[in-house]
Amino acid sequence: MAKIQLNGRKIKLNSKYSITTLLKKYKIDSKKIAVELNGKIINKNKYKLINIKNKDTIEIVHFIGGG
Amino acid sequence: MKKDIFKVGDQVLKSRLIVGTGKYKNLKETARAVKASGASMVTVAVRRVNILDKKKPLLTDYLNSKKIKYLPNTAGCFNADESLRTLRLAREMGGWKMVKLEVLGDKKTLYPNMIETLKATKVLVKEGFKVLVYCSDDPLLAKELEYLGASAVMPLASPIGSGQGIQNKINLSIIIKNAKVPIIVDAGIGTASDATIAMELGCDGVLVNSAIAKAKNSFLMAESFKNAVISGRQSFVAGRMPKLFYAVASSPLKGLI
């Protein structure tokens, strides 16, 4: 089990997750977002390869309306 | 008018009007107003995905980034590091190199923190970004941004979202006269005539958000801005008549009965 911080919220993951499976869990389209893991931006083609570990801090961002 | 090309960084834009996508009631209205404005580039913000609401409508579903260019901004950033983080994420997201840098210095006025802005510009240019920089209307700082490699310099007309129009025409004119990169007025435009004035002064473009989004009829206002920017540009290129102190009759006096 991994306790992580996702977009400022504490989340528990009960099984092994890669970034790809985490995005699937939240129904997020990987083409429309960017991911930062522990302060480091993750290249899109590495989402499958990176396993989420206990105490990881993840930020998933997208574009919204702005001036 | 011969072909009047508006080039910013490595992009040729069809319209000299760039519009923001914030402050609208909903995304449908945003998309309609953007279409009515005729803009070929829109500013967007980078924010956390709402992980609790999976069905929340997305901007990208309403504005196709293949048809209209996204210009990611750093709204809400108060130092160079925050803005660099935001724009690096934006680049990863869309693959765009062209971005709007906006480092704020004060919550009340939303005036830019120019020290941090200069710092961030330097780093972004080094990292290959094409940076359009929101800045104060100080001619020396505008020139400094150009030296640092900014793709466009975007002085404010008046405080962001204030709708007070162009408050310092002299500074703006000096900035335009000295510039070798496009000058785009960003922030403070309140109504269509403000945009026309900016263009008549010789600005290369205008960036508008609140004036359209907060109008009673945002679609009509968007169209009005489209015309205002075209009108102002044509007027600038045409070259206005000199201002005279006294009247000069328009009808010839010869043959007067």
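The values are calculated or read from the model by the stated rules, or taken from the named source; none is laboratory data. These numbers were taken from a predicted model, which means no experiment stands behind them. Cβ sites come from the backbone with ideal geometry, for glycine too, and all protein chains shown count toward neighbours.
Couple of notes before you dig in:
- Screening residue B:180 with (1) in a loop (DSSP other than H, G, I, E, B); (2) over 29 Å from residue B:124 (Cα atoms); (3) charged (D, E, K, R) gives one miss only, at (2).
- Scanning region B:86-99 turns up at least one residue that is under 19 Å from residue A:44 (Cα atoms), more than 9 Å from every other protein chain (Cβ to nearest Cβ) and basic (Lys, Arg).
- The number of residues in region B:32-63 being in a helix (DSSP H, G or I), more than 8 Å from every other protein chain (Cβ to nearest Cβ), touching a Ser or Thr at 6+ places or on another chain (Cβ under 9 Å) and without any contact (Cβ under 8 Å) to a residue 60 or more places away in the chain comes to 1.
- Once region A:1-40 is narrowed to residues that are over 13 Å from residue B:52 (Cα atoms), part of a helix (DSSP H, G or I) and charged (D, E, K, R), the residue that is farthest from the other protein chains (Cβ to nearest Cβ) is A:24.
- Residue within region B:115-123 that is surrounded by 23 or more Cβ atoms within 10 Å (Cβ to Cβ), of a type outside the set (Phe, Trp, Tyr) and part of a loop (DSSP other than H, G, I, E, B) present: no
- Counted residues, region B:131-164 - those being in a loop (DSSP other than H, G, I, E, B) and either hydroxyl-bearing (Ser, Thr, Tyr) or within 20 Å of residue A:66 (Cα to Cα) (or both): 11
Okay, residues lined up against (1) under 17 Å from residue B:73 (Cβ atoms); (2) within 17 Å of the chain's Cα centre (by Cα):
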position	(1), (2)
B:123	yes, no
B:128	no, no
B:179	no, yes
B:190	no, yes
B:199	no, yes
B:205	yes, yes
B:214	no, yes
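- Flag if residue B:66 is free of Cβ contacts under 8 Å to residues at least 40 places away in the same chain, facing another protein chain (nearest Cβ under 7 Å) and surrounded by fewer than 18 Cβ atoms within 10 Å (Cβ to Cβ): no
- Of the residues making up region A:41-56, just one is more than 10 Å from every other protein chain (Cβ to nearest Cβ) and part of a strand (DSSP E or B), namely A:51.
- Any hit, region B:85-97, residues being surrounded by fewer than 17 Cβ atoms within 10 Å (Cβ to Cβ) and modelled with pLDDT of 95 or more: no
- Out of A:48, A:32, sole residue that is closer than 26 Å to residue B:30 by Cβ, over 9 Å from the mean Cα position of the chain (by Cα), of a type in the set (Lys, Arg) and modelled with pLDDT under 95: A:32
- Scope region B:64-84; condition of a type in the set (S, T, N, Q) and at pLDDT below 95; matching residues: B:64, B:65
- Candidates B:237, B:248 - the one that is assigned to a loop (DSSP other than H, G, I, E, B) and either farther than 29 Å from residue B:131 by Cβ or over 13 Å from the mean Cα position of the chain (by Cα) (or both): B:248
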